[in-house]
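Where a number appears in this text, it was derived from the coordinates with a stated rule and is not lab data. Just so we're clear, the structure is a prediction, and the values are computed from it rather than from any experiment. Here the Cβ positions follow ideal geometry from the backbone for every residue, glycine too, while neighbour counts run over all protein chains shown.
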Amino acid sequence: MNRREFLHLLSAASAAGLTLPLDPARAEKAAEALYDAPAFGNVSLLHITDCHAQLRPIYFREPNVNIGVGAMANRPPHLVGEAFLKHFKVEPGTRLAHAFTFLDFERYAALYGRVGGFAHLATLVKRLRATRPGALLLDGGDTWQGSGAAMWTKGQDMVDAAKLLGVEAMTLHWECTYGQDRVKEIADKDFAGHIDIVAQNIKTQDFGDPVFKPYVMRVVNGVKVAVVGQAFPYTPIANPRYMVADWTFGIQEDNMQKTVDAARADGAKVVVVLSHNGMDVDLKMASRVRGIDAILGGHTHDGVPAPSIVDNGGGKTLVTNAGSNAKFIGVLDFDVKDGKVSDFRYRLLPIFSNLLPADAEMEALIARTRAPFESKLNEKLAVSEGLLYRRGNFNGSFDQVILDALIAEKDAEIALSPGFRWGTTILPGEPITMENVLDQTAITYPYVTLTQMKGSQIKQILEDVCDNLFNADPYYQQGGDMVRVGGLAYSCDPTATAGNRIGDMELNGKPIDAEKTYKVAGWAPVSEAARDAGGEPIWDLVARNLRARKTIAAPKLNLPHLKNVDGNLGLAG
Amino acid sequence: MTLELQPSRRGFLRQTGLLGLAVSAVTFLPRMAYASWNKAAFGAKTMADTYKAMGVDSPTVSADIQLNAADIAENGAVVPVEAISKIPNTTQISFLVEKNPAMLTAQFDIGPDTLPQISTRVKMGQTSNVIALVKADGKFYTASKEIKVTLGGCGG
């Protein structure tokens, strides 16, 4: 699709009143300014990641708390709000400022509309391909999980959508929670001849044999380009190990170096890593592994407009992160001269659904895959008076709704909810549908648990998760956010060492007793025993609670009292 | 490194029944090691007592020992560790887990003309330093690495 065809499509859609609430002339201008980035060089890579099965346009509020500690403090991706805009020189109040930050979210979301949606993404991919012949479309993973329809089809809706979109290669994380057999089935059947799963760091438990190709080679405009895969290193720890019982993961830095060297020896003039490490881990890896031109990263859901350039003694490596929920697509243009990368351009383009008409073929596929589930997904459970979102280091308002529901429905004193980074946003006054609840909860181990826990055990859990988030060495981080806590007040010093960050734990104004037992509700247990014990899926519990309440007042967030992070640029209002 | 996957080795072992044999062969190993079983060292409850029972006196930290292990254990019950010694005349490689009730978890005697490269699995109850202790020419050398053992869940 060239520019003229695109503009024609845009005005046709607008005339038909289909997609564009904006004045068409203004919409065209805005779309041109955003999406007509001039092509550059001779090798282009298009990068999507962490869409979490969001096929339809959604709202997604970026965090106002994304604290970096140690060497990670006050640098990308640990910048929020105004500090973010200042660092990346983004004009406040603009579409871009709205895409990248939480600032005045409700106001600008109403103005600029929903983001993402595979039909709109498909239109932009076609438009980018038109100006960048041979461009490779790469998917960083967390594609098959995150919605009710994806869960009920075991990822099939996303597999079909990725194929139609024209993805060349992908790597894995949440995909693995459908079980290793399902992943292999898709790799060997659906993806055969279409999409390569790449992962240098997934091996068999017994002999250490590779499960997937460590990299694939593609020729782009005569240039050999190697795409090395790096799956989420801590999949068997962050998610149930029994789902990938025969596989072992890890960062595998030595093997990454060997893989990069092998790709170079194989004639690659460009080597990129398609990574699900998370940005802090990618930045460290980039400083230690030589010969990588760029790490296209995901997992931590950081929408970062410009790459970090890391010097590693052997050269320079670009590190990017392309956000989540199909809200962005990264465009990396390389100029390859004399057998090596001589220059680049990078853009992280937000997908504004009202500036990109829906691609008819993709829209039809989405409608078809959703059809069996529409009535279930569309059930209106309650109306939200406040803004409901998840993303943030310590809590989100939708998590608070889940915590409140857990405490009420299980008659618990304390509730814990996982610090996932996926989950969409609902504007004030909107209904909360079953689809919205599933967008926050659709996992293959959704069991609600009720446990008698000693105060010391609760402390250990909080410390453990907190270390996964704030360990000063990124290789010891897992990339999720802090476990969400209901009922219990506590303080947190992100800069302290493991085991020493959590304090002042109180329940109803009384200090938590290390030896006393408390009734704790939670969900998403990772042990095999918990799976065998079963339990109500969390979405049923939350739906029941919402139906009974009908109107949900803006929840009051239970947040820890933070210590030693005053002035941290990853912390705002 | 090649692009070819290698399922053939397992396939071959399965077909021939060697997989079962390979597993059962492992069970003979401890018996073979009984000859030099150092009961005092394996039963010691502090690092000082362990080293004393092994005859270790202030070992030297050595960059010639490569200790390979994950930063975070996937399963604390079976944590793969590997030590490769480049120190000449290496005669013994041991693995110690600092925070285990008994620190010494495995000890391998290295015969002459044997590659001093050992892979094994250790059990860990909590985050701890793991130490590879190498004996060469009667002297002791170490390399260590922290391996985190976490409760799991709550990722990404």
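Close amide H pairs (under 5 Å, H built 1.01 Å from N) link residue A:53 with A:145, residues at least 5 positions away or on another chain. Model label points for residue A:561 and residue B:40, set 7 angstrom from Cα along the Cα-to-Cβ axis, are 5.4 nm apart. In order along the range A:493-509, the Karplus-derived 3J(HN,Hα) couplings, from 6.51 cos²θ - 1.76 cosθ + 1.60 at θ = phi - 60°, round to 10, x, 7, 6, 8, 3, x, 10, 8, 9, x, 6, 6, 9, 10, 6, x Hz, and Gly and Pro are given as x. Extension gain for residue A:221 to residue A:74 (0.36 nm times residue separation, less C-alpha to C-alpha distance): 49.0 nm. Can you list the trypsin sites (Lys or Arg not before Pro) in the range A:236-335 that are in a DSSP coil and have 16 or fewer other beta carbons within 10 angstrom? Within the range A:236-335, the qualifying trypsin sites (Lys or Arg not before Pro) (loop, at most 16 other Cβ atoms within 10 Å) are A:290.
Couplings for the range A:252-269, taken from phi via the Karplus curve 6.51 cos²θ - 1.76 cosθ + 1.60 with θ = phi - 60°, read 6, 4, 4, 5, 4, 4, 4, 5, 4, 4, 5, 5, 5, 5, 7, x, 5, 9 Hz in order; Gly and Pro are left as x. Applied to the range A:191-204, the Karplus parametrisation 6.51 cos²θ - 1.76 cosθ + 1.60 on θ = phi - 60° returns per-residue 3J(HN,Hα) values of 7, 4, x, 10, 10, 9, 8, 10, 6, 6, 10, 10, 10, 6 Hz, with x for Gly and Pro.
Each DSSP beta bridge with both residues in the protein assembly as shown is either parallel or antiparallel, and the antiparallel ones are about 75%.
Spatially close Lys pairs in the range A:378-562, defined by Cα atoms under 28 Å apart and a spacing of eight or more places or different chains, total 23. Given their separation in residues at 0.36 nm each and the Cα-Cα distance between them, residue A:39 and residue A:430 gain 136.8 nm when the chain is fully extended. Per-residue extension of 0.36 nm, minus the Cα-Cα distance of residue A:89 and residue A:516, leaves a gain of 148.5 nm for this segment. Per residue of peptide A:263-271, the mean number of Cβ atoms on other chains within 10 Å of the residue Cβ is 1. Spatial offset of the range A:303-374 relative to the range B:51-82 amounts to 42 Å, using the alpha carbon center of each.
With an a/c value of 1.5 or above and a/b not larger than b/c for the gyration tensor axes a ≥ b ≥ c computed over the alpha-carbon atoms, the range B:38-147 is described as oblate.
In this structure, residue A:376 and residue A:553 have a Cβ-Cβ separation that, at R0 = 22 Å, corresponds to a calculated FRET efficiency of about 0.25.
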